[in-house]
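Notes follow once the structure below has been shown.
The values are calculated or read from the model by the stated rules, or taken from the named source; none is laboratory data. Here the structure is a predicted model, which is why all the values come from computation and not from measurement. Don't worry about glycine lacking a Cβ; one is built from the backbone with ideal geometry, like all the others, and counts go over all protein chains shown.
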Amino acid sequence: MPFSTAQIRPATRQDSPCLAALGQQVWLDTYAQDGIRPALATYVHQHFSPARFDLQVSSAQQRLWVAEAHGHLLGYLQLDLAAPCPVAGGGTVEISTLYVLRHAQGQGLGRRLLDAASQHAHGSSRAGLWLSVNATNLAAQAFYARQGFIQLGEIDFELDGVRHPNQLLYRGTQAGQGDRP
């Protein structure tokens, strides 16, 4: 089904159960390639719960947008407005999450969610966006490169004592504006 009519809108607390389920599905689909083990299950239940999304949607330091079509959430983007990049010159607004369900990818939803976040960052005079992406997630890296992000450095994500390299990416507030501030 084409999702070109999907609406991009701010998330509400009523979205929290769907955001939790969507986050769990995308995270496990992306990172649990070998199956589910206790560390993965614990991480998913702690980080993708309706209660946690209730707090994030209500937080003054967080902004969430959802992509919705026909009453179904297909993706979401979360900004952290007070998250300094660990590398100098990367700004203070982090895209902490940009998830789109696998069957809805490639239809412009990620770009449209990113546009909403960029408009917010630009409208509030913030200096661009940064994020980290798993070094093995080549599809996400290609998406962000097409959106004008440049690599600033690397950082590790640690889970159950195992380090997973991530790339730190940055883009100015306008698409294609990858230069540092």
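Results, tabulated for the structure shown:
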| item | result |
| --- | --- |
| Filter result for the condition that a residue is of a type outside the set (Asp, Glu), over 24 Å from PRO165 (Cα atoms), free of Cβ contacts under 8 Å to residues at least 60 places away in the same chain and in a loop (DSSP other than H, G, I, E, B), over ALA117, ALA88, ALA60, ALA83 | ALA60 |
| Meets criteria (loosely packed, with under 12 Cβ neighbours inside 10 Å and either within 19 Å of ASN137 (Cβ to Cβ) or out of contact with any strand residue (DSSP E or B) (no Cβ under 7 Å at 6 or more places or on another chain) (or both)) for ILE36 | yes |
| Which listed residue, of VAL44, VAL66, is in a helix (DSSP H, G or I) and either buried (at least 17 other Cβ atoms within 10 Å of the Cβ) or small (Gly, Ala, Ser) (or both) | VAL44 |
| Members of the stretch 24-33 found to be at pLDDT below 90 and either surrounded by fewer than 17 Cβ atoms within 10 Å (Cβ to Cβ) or over 18 Å from the mean Cα position of the chain (by Cα) (or both), listed by number | THR30, ALA32, GLN33 |
| From the options GLY75, GLY106, residue that is out of contact with any Ser or Thr (no Cβ under 7 Å at 6 or more places or on another chain) and farther than 18 Å from THR12 by Cβ | GLY106 |
| Enumeration of residues in the stretch 5-33 that are free of Cβ contacts under 8 Å to residues at least 60 places away in the same chain and out of contact with any strand residue (DSSP E or B) (no Cβ under 7 Å at 6 or more places or on another chain) | THR12, ARG13, GLN14, SER16, PRO17, ALA20, ALA21, GLN24, LEU28, ALA32, GLN33 |
| Among the residues listed as GLN24, GLN78, the single one being polar (S, T, N, Q) and assigned to a helix (DSSP H, G or I) | GLN24 |
| Residue within the stretch 54-77 that is aromatic (Phe, Trp, Tyr) and within 20 Å of ALA139 (Cβ to Cβ) present | yes |
| Flag for ASP156 being among the acidic types (Asp, Glu), without any contact (Cβ under 8 Å) to a residue 24 or more places away in the chain and within 19 Å of ALA11 (Cβ to Cβ) | no |
| The lone exception for GLY108 - which of (1) at pLDDT 90 or above; (2) crowded, with 19+ Cβ neighbours inside 10 Å; (3) on the phi > 0 side of the Ramachandran plot it fails | (2) |
| Neighbours by Cβ (under 7 Å, 6+ apart or cross-chain): first from the stretch 127-146, at positive phi; second surrounded by 15 or more Cβ atoms within 10 Å (Cβ to Cβ) and assigned to a strand (DSSP E or B) | GLY128/TYR170; GLY128/ARG171 |
| Residue within the stretch 7-23 that is in contact with a helix residue (DSSP H, G or I) (Cβ under 7 Å, 6 or more places away or on another chain), buried (at least 19 other Cβ atoms within 10 Å of the Cβ), modelled with pLDDT under 95 and under 20 Å from VAL100 (Cβ atoms) present | no |
